[in-house]
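Readers should treat all values here as calculations from the given coordinates under stated rules, not as data from a laboratory. Owing to the predicted nature of the structure, the values given are computational and were not obtained by experimental measurement. Cβ placement follows ideal geometry from the backbone for every residue including glycine, while neighbour counts extend to all protein chains displayed.
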Amino acid sequence: MNLDDARKRIESAVTQYGHHAAPAIDLVMAEVRSDMGASAFNELVEEFDLELTYNIAPMESDHSTS
């Protein structure tokens with residue numbers, strides 16, 4: 001997946017499901033995080049205001065601290 005595909009999928013989910021789009025957006029964002037890392041994930045969170053609207057928070061980094 002690339003950023004353009006992710007944007008289209010998020011826009012489609014928002015159009016189709018409105019404020020109930022979080023589960024569909026979560027699936028897209030999981031794929032973004034896996035394929036492109038935290039910076040791309042955070043770019044989309046900011047671009048679509050996902051934290052405020054869908055409670056999807058930005059990531060701290062690409063490294064887990066567990």
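General observations
- Contact map, segment 40-54: residues that are farther than 14 Å from L3 by Cβ paired with residues that are of a type in the set (F, W, Y) and outside any helix (DSSP H, G or I), Cβ distance under 6 Å, separation 6+ or inter-chain. No pairs are found.
- Residue check for M1: of a type outside the set (V, I, T) and farther than 15 Å from I56 by Cα: yes
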